[in-house]
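Worksheet: the structure to be examined is printed underneath.
The values are calculated or read from the model by the stated rules, or taken from the named source; none is laboratory data. Being a predicted model, the structure only gives us computed values, none of them experimental. Here the Cβ positions follow ideal geometry from the backbone for every residue, glycine too, while neighbour counts run over all protein chains shown. The area values use the complete protein model at the heavy-atom level, side chains included, leaving out ligands, DNA and RNA. Shrake-Rupley method; radii C 1.70, N 1.55, O 1.52, S 1.80 Å.
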Amino acid sequence: MKVNESVPPPPFRKPNRLETVFNRAMGFLVGLGIGPAYMQVLQVRGRKTGRVYSTPVNILEVGGKPYLVAPRGRTQWVRNAEASGETLLKRGRQKRKYRLRAVADTEKPQILKLYLDSYKSQVQQYFPVSAGSPAATFHEIAANYPVFELLAS
């Protein structure tokens, strides 16, 4: 499939009101341990306020390694995670702290392809590439999507 070059994705796509309400509800449920197994609540300390912020995320396993992808681009959680270098993932009573390794743009295409193919119904709207496209198609857009490998602390 071809990249839709007429509409380049913004560096950050802010959620609308409905998405904000949905994210809060999903975050609450996942925080209780309810919801798909791949969903976790990401908790990260604010880089300016020091306050802990939470948001639901989809964890992608590739070759036995967990990855965190930001389909909306350089969101606040991405900026906070980059500043702190670590994050906490929570699901129900389970909490696990991770260090983050930013994935280089050259490593991202296969991860982005697998992420979009795995979570198409939730994230297709944030990608100008269709799910099912070859990994090579993601080379052109890789820089727009932060990806982190999660390393156990």
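Just a few scattered comments:
- Residue satisfying all of: in the range 95-119; in contact with a Gly (Cβ under 8 Å, 6 or more places away or on another chain) and of a type outside the set (Asp, Glu); surrounded by the most Cβ atoms within 10 Å (Cβ to Cβ) among these: Leu100
- Residue in the range 74-82 that is part of a helix (DSSP H, G or I), more than 14 Å from the chain's Cα centre (by Cα), closer than 13 Å to Val147 by Cβ and acidic (Asp, Glu) present: no
- Residue pairs whose Cβ atoms lie under 8 Å apart, separated by 6 or more positions or on different chains, with the first residue in the range 21-42 and at positive phi and the second part of a loop (DSSP other than H, G, I, E, B), are Gly33/Gly92; Gly33/Arg93.
- Within the range 115-153, being within 19 Å of Pro56 (Cα to Cα), hydrophobic (A, V, I, L, M, F, W, C) and in a helix (DSSP H, G or I) holds for Leu116, Val123.
- Selection status of Lys97, of a type in the set (D, E, K, R), at pLDDT 95 or above and in a helix (DSSP H, G or I): no
- Considered as a group, the residues in the range 47-83 that are open to solvent by 10 Å² or more (accessible area, probe 1.4 Å) and among the small types (Gly, Ala, Ser) include one that is farthest from Phe127 (Cα to Cα), and that residue is Gly50.
- Here the range 25-44 is the region considered, the condition is being over 18 Å from Val69 (Cα atoms) and at pLDDT 80 or above, and the residue that is most open to solvent (accessible area, probe 1.4 Å) is Ile34.
- Any hit, the range 32-45, residues being closer than 21 Å to Ala142 by Cβ and out of contact with any Pro (no Cβ under 8 Å at 6 or more places or on another chain): no
- The criterion of being at pLDDT 75 or above and open to solvent by less than 50 Å² (accessible area, probe 1.4 Å) does not hold for Leu18.
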